[in-house]
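The values are calculated or read from the model by the stated rules, or taken from the named source; none is laboratory data. Computed from a prediction, not measured in an experiment: that's the story for all the values here. Cβ sites come from the backbone with ideal geometry, for glycine too, and all protein chains shown count toward neighbours.
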């Protein structure tokens, strides 16, 4: 059991009733002992809903403080993105005294997100001995505790082998989708356990493994069942959408549109605007097919797509978009991240999700708030500097005096020397 | 305001305190009025944590009951995957009487997940007039209520343009990652609002737009800031991992491994097992680089990867895995979904996430539970048949008598004729 030189934390007050109009998680305090994507995203998600999330960094800052992409100033855009709306403290985690302070803070807050099992005194058994109703959510790589990262989980679980158009070449996804999903599962797990605690008084420990997130998703979408139960393994189909009629098409002026036809109405609309209703009826007869069925449109997607491709090739993107815009077909032009930034279509500025944020070390840019829209707004706040809230948090949450703080700083338990090298 | 022919629902009991050892969401009742991926995944996620999730389907079954992939019997593996652990009722949503029953059920349950705004009498203003503390989470396509699906959002928001190795060809991701993330945001939103309700008594309406999920994620990972603030737009880098040293390598016997080096220790290990420590030191000097820095390893990834590629080309996958297994480097063999199903490595059977499930219409297969591991276990339960729980739910939740149920069934408000056509 750890004990800081500060007094044992005072008994924890019951969760206060939120004020009317407050954010849903106002009053919830969470300590985040994390790095990289998934667990920081969990903390961000909950912070954006009003929780007070305190990220604990080791002396010199977390291992991911300098990750690419970076601003020309050297400040990490990645770090700034995933740590908005949080507070940050800097503690020497190699010292028992430093870990004791973090333990005190977790015991006081009552809720912990972590992706490390390095420190025994910050583990669930030790912490819950001090605070039995602790809620602790923990990210691991694999179910057995082995390490893994998004890109190794991608390779392990099958999606790169069915992505892209070129047989035999796996295509990794640039988006770390498993990290994102795992972060959101951690947030869900934390709130589920917190609900249980509010109603029963009992805390608990919950684990989420990155690989399990991928397998559960592959299972929920039918990929694992398909592989076990059908004779035809899932084939690559390039930019066609499996199971329905959807594909990308190139216009006369070289733009590209993604098109998805889900319903009979969409299908009739597409035949109508491209003027192939009769040709398709003839093809339907010839193939003995029924294109009113989604599965049949998928099955015969190649000859069908050829007809539409010819229509797109003869039209500019403006003409094609005007015709599609008169229907309920689902479509979108392909854009680059640069297109968003140039924002000719004012796509970012027209969306209340994004607001101007001034981030020290970076400047002012359009940054997103939570994609969860509530009546109470919570605009993005800048990510904290290294140790920005160390004294504030230890004073307000643990009651440390100015003298105690000074002593800890002199002993390098708080803050610490500037980093001489890359994290880890 | 709607009113079924049944009595006005009885006053709602307060949430019962969960039993010790129960699942975290035991006692939470949720009505799900949904289709496709995101909102059913939200319901599944919460059901797996112990909530009683009742999916409402229109007469004949939901629009996504027949989606691919399907079992040779015709039963949808996709539907079975996303609707496990739920109950299902079948109601004629085109009739005011049918919608009145659903309204009664939502008012009784107090919590609603939906992805449709088609029915005014099932909208938040109407429902919250009947139950002021209702929690309603709603999925939309875009922030302004426009429609969108995962594949159009992919095209709109930039990732396909930086995925894959072939310049100019966008690569759609096969995994509907935005649907998955949106479903998990919906689950998080619901639990956050439920927490607020437990503490304050107030309900609320929350919206999540699929496109906002993509933009928020692109923002949180630094992509949008990079596009706005730096002069070099994000480039495709194939299967290299942006910002660190990671890539796929092919072995002498044609297997492929994904390798990720995050830390200095990983890097030293990789140099050591591949025997290029001195060659790399010479290259470092020649390039005036510092490979101790993650960003420098990324910058010079191509000449570095060539050296390692030669090492892999000269070794079988067994030899390469043995060498890598002696280090802490992150790596995985690429697998197909078929590899999982064949399960030579017992990957599925060795993972407690997956258990044997008997699904009517499909048979027995290994299906995943929740990737959130809690002390209380919740093995997957089969997805319900169309209308499987209609009578049970209306009797137990709304107190309808056998006579009332018979009358409703005769009037085709419940159940309904077998579908003659594809959904919608």
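Is there a residue in region A:301-313 that is assigned to a loop (DSSP other than H, G, I, E, B), touching a helix residue (DSSP H, G or I) at 6+ places or on another chain (Cβ under 7 Å) and farther than 16 Å from residue A:251 by Cβ?
Looking through region A:301-313, none of the residues is assigned to a loop (DSSP other than H, G, I, E, B), touching a helix residue (DSSP H, G or I) at 6+ places or on another chain (Cβ under 7 Å) and farther than 16 Å from residue A:251 by Cβ.
Could you grab me the full set of residues in region B:144-163 that are modelled with pLDDT of 95 or more and either touching a helix residue (DSSP H, G or I) at 6+ places or on another chain (Cβ under 7 Å) or more than 7 Å from chain A (Cβ to nearest Cβ) (or both)?
Answer for region B:144-163, where residues must be modelled with pLDDT of 95 or more and either touching a helix residue (DSSP H, G or I) at 6+ places or on another chain (Cβ under 7 Å) or more than 7 Å from chain A (Cβ to nearest Cβ) (or both): B:148, B:150, B:153, B:154, B:160.
Go through region B:381-422 and give me each residue that's surrounded by 19 or more Cβ atoms within 10 Å (Cβ to Cβ), within 14 Å of chain A (Cβ to nearest Cβ) and either more than 30 Å from residue A:298 (Cα to Cα) or modelled with pLDDT under 95 (or both).
Matches in region B:381-422: none.
Which residues, counting only those in region A:336-369, are part of a loop (DSSP other than H, G, I, E, B), surrounded by fewer than 21 Cβ atoms within 10 Å (Cβ to Cβ) and at the interface with another protein chain (Cβ under 7 Å from one of its Cβ atoms)?
Residues satisfying the conditions are A:336, A:351, A:352.
Here is a yes/no grid of residues against (1) touching a helix residue (DSSP H, G or I) at 6+ places or on another chain (Cβ under 9 Å); (2) surrounded by fewer than 22 Cβ atoms within 10 Å (Cβ to Cβ); (3) more than 7 Å from chain A (Cβ to nearest Cβ):
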| site | (1), (2), (3) |
| --- | --- |
| B:238 | no, yes, yes |
| B:250 | yes, yes, yes |
| B:253 | yes, yes, yes |
| B:256 | yes, yes, no |
| B:261 | yes, no, yes |
| B:267 | yes, yes, yes |
| B:275 | yes, yes, yes |
| B:284 | yes, yes, yes |
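Hey, residue B:166 hits all of (1) within 13 Å of chain A (Cβ to nearest Cβ); (2) surrounded by fewer than 24 Cβ atoms within 10 Å (Cβ to Cβ); (3) within 27 Å of the chain's Cα centre (by Cα); (4) modelled with pLDDT under 95 but one; which does it fall short on?
Exception for residue B:166: condition (3).
Just one of (1) within 13 Å of chain B (Cβ to nearest Cβ); (2) in a helix (DSSP H, G or I); (3) within 27 Å of residue B:215 (Cβ to Cβ) trips up residue A:320, so point out which.
Only one criterion is unmet by residue A:320, namely (1).
Can you tell me how many residues in region B:251-279 are closer than 15 Å to residue B:329 by Cβ and assigned to a helix (DSSP H, G or I)?
Summing the residues that are closer than 15 Å to residue B:329 by Cβ and assigned to a helix (DSSP H, G or I) in region B:251-279 gives 12.
In region A:171-216, how many residues are under 16 Å from residue B:49 (Cβ atoms) and in a helix (DSSP H, G or I)?
22
List the number of the failed condition for residue A:214; all other conditions in (1) in contact with a strand residue (DSSP E or B) (Cβ under 9 Å, 6 or more places away or on another chain); (2) touching a residue at least 40 places away in the same chain (Cβ under 8 Å); (3) surrounded by 20 or more Cβ atoms within 10 Å (Cβ to Cβ) hold.
For residue A:214, the failing item is (1).
If I ask for residues that are farther than 25 Å from residue A:83 by Cα and touching a strand residue (DSSP E or B) at 6+ places or on another chain (Cβ under 7 Å), which ones from region A:113-127 would you list?
The answer is none; no residue qualifies.
Considering each residue of region A:16-34, count those that are surrounded by fewer than 24 Cβ atoms within 10 Å (Cβ to Cβ) and either closer than 17 Å to residue A:389 by Cβ or under 16 Å from the mean Cα position of the chain (by Cα) (or both), and give that number.
So the count comes out to 1.
Could you check residue A:142 against (1) within 16 Å of the chain's Cα centre (by Cα); (2) not in a helix (DSSP H, G or I) and say which number it fails?
(1)
Based on what the data block shows, is residue A:116 more than 12 Å from every other protein chain (Cβ to nearest Cβ), in contact (Cβ under 8 Å) with a residue 60 or more places away in the chain, within 24 Å of residue B:241 (Cα to Cα) and surrounded by fewer than 22 Cβ atoms within 10 Å (Cβ to Cβ)?
Considered against the rule, which asks whether it is more than 12 Å from every other protein chain (Cβ to nearest Cβ), in contact (Cβ under 8 Å) with a residue 60 or more places away in the chain, within 24 Å of residue B:241 (Cα to Cα) and surrounded by fewer than 22 Cβ atoms within 10 Å (Cβ to Cβ), residue A:116 comes out as yes.
Just one of (1) part of a loop (DSSP other than H, G, I, E, B); (2) under 18 Å from residue A:243 (Cα atoms) trips up residue A:298, so point out which.
Condition (1) is where residue A:298 drops out.
Answer with yes or no whether residue A:124 is at pLDDT 95 or above and buried (at least 21 other Cβ atoms within 10 Å of the Cβ).
Taking the combined requirement at face value, the residue does not satisfy it.
Give region B:46-99 a look and list any residue that's over 30 Å from residue A:206 (Cβ atoms) and not in a loop (DSSP other than H, G, I, E, B), or say none.
Within region B:46-99, B:57, B:58, B:70, B:76, B:89, B:90, B:91, B:96, B:97, B:98, B:99 meet the criteria.
Restrict the check to region A:146-158 and report whether at least one residue is surrounded by fewer than 24 Cβ atoms within 10 Å (Cβ to Cβ), outside any helix (DSSP H, G or I) and over 18 Å from the mean Cα position of the chain (by Cα).
Checked against the condition, which is being surrounded by fewer than 24 Cβ atoms within 10 Å (Cβ to Cβ), outside any helix (DSSP H, G or I) and over 18 Å from the mean Cα position of the chain (by Cα), region A:146-158 yields at least one hit.
Scan A:180, A:171, A:102 and give me the residue that is more than 24 Å from the chain's Cα centre (by Cα) and either free of Cβ contacts under 8 Å to residues at least 60 places away in the same chain or surrounded by 20 or more Cβ atoms within 10 Å (Cβ to Cβ) (or both).
Exactly one of A:180, A:171, A:102 is more than 24 Å from the chain's Cα centre (by Cα) and either free of Cβ contacts under 8 Å to residues at least 60 places away in the same chain or surrounded by 20 or more Cβ atoms within 10 Å (Cβ to Cβ) (or both), namely A:102.
Going by the structure shown, is residue A:212 facing chain B (nearest Cβ under 7 Å) and either within 23 Å of residue B:185 (Cα to Cα) or within 15 Å of the chain's Cα centre (by Cα) (or both)?
Criteria met by residue A:212.
Scan region A:142-169 for residues that are closer than 17 Å to residue A:218 by Cα and out of contact with any strand residue (DSSP E or B) (no Cβ under 6 Å at 6 or more places or on another chain) and jot them down.
Listed by number, the residues that qualify are A:150, A:153, A:154, A:157, A:158, A:159, A:160, A:161, A:162, A:163.
Taking residue A:271 as the residue in question, decide whether it is in contact with a helix residue (DSSP H, G or I) (Cβ under 6 Å, 6 or more places away or on another chain), modelled with pLDDT of 95 or more and more than 7 Å from chain B (Cβ to nearest Cβ).
Yes: the conditions hold for residue A:271.
For residue A:137, state whether it is in contact with a strand residue (DSSP E or B) (Cβ under 7 Å, 6 or more places away or on another chain) and closer than 20 Å to residue A:43 by Cβ. Before the answer, list the steps.
On the way: in contact with a strand residue (DSSP E or B) (Cβ under 7 Å, 6 or more places away or on another chain): yes; closer than 20 Å to residue A:43 by Cβ: yes.
Yes, satisfied.
So how many residues does region B:370-394 have that are touching a residue at least 40 places away in the same chain (Cβ under 8 Å) and in a loop (DSSP other than H, G, I, E, B)?
Total satisfying the criteria: 15.
All but one of (1) at pLDDT below 95; (2) surrounded by fewer than 24 Cβ atoms within 10 Å (Cβ to Cβ) hold for residue A:140, so report the exception by its number.
Among (1) at pLDDT below 95; (2) surrounded by fewer than 24 Cβ atoms within 10 Å (Cβ to Cβ), residue A:140 violates only (1).
From the set of residues in region A:169-202 that are in contact with a helix residue (DSSP H, G or I) (Cβ under 6 Å, 6 or more places away or on another chain) and more than 7 Å from chain B (Cβ to nearest Cβ), which is nearest to residue B:243 (Cα to Cα)?
Only one residue tops the list, namely A:176.
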